[in-house]
Amino acid sequence: MINVDATVFLQMINFLLILFIGKKMIYDPMLSTMESRDRKINDLKKSAEAMREELDRLKKEYEEKMANVKKEITEYQNNIRQKAMSEASEMVAKVKAELDEKIENARKEIEIEKEKAKIALEKEAEILANIIAEKITKAA
């Protein structure tokens, strides 16, 4: 059985005193530390979210810039390709014109040579005809 005497009151006072000191020395500092930790965690979460948003913004900006750079490179390559094609076409046209001119000059030279050869053959034919005619007239 439980005896109620003066020691019970002393034990109750002792318990309340320990409870009061424990609260002041252990529970309140621990509660304060936990609240401080929770505030820091929340601040860090907010900071991480802000950094994530900044990262997303920078990533989007980077992707837009890369798309613009790729577009500019493609346009530049197309311009270079078009310039090269037009220069090549001009060069081909120039070479073709030169070849056509050389062919025409060669045809003219051939025609001149042909006329010269024709005249020379006509003279030789006339000479041969005269020789044959002389031989025929002498033989007759």
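Quick note: the coordinates plus some simple rules give every number you see, no bench work behind them. These numbers come from a predicted model, not from an experiment. FYI the Cβ positions are ideal-geometry reconstructions off the backbone, even for glycines, and counts take in every protein chain you see.
Here is the figure for the range 1-47: residues that are of a type in the set (D, E, K, R) and under 58 Å from the mean Cα position of the chain (by Cα) total 8. In this structure, ALA106 qualifies as surrounded by 10 or more Cβ atoms within 10 Å (Cβ to Cβ) and of a type outside the set (D, E, K, R). Condition check for VAL4 on (1) surrounded by 10 or more Cβ atoms within 10 Å (Cβ to Cβ); (2) not in a helix (DSSP H, G or I): one failure, at (1).
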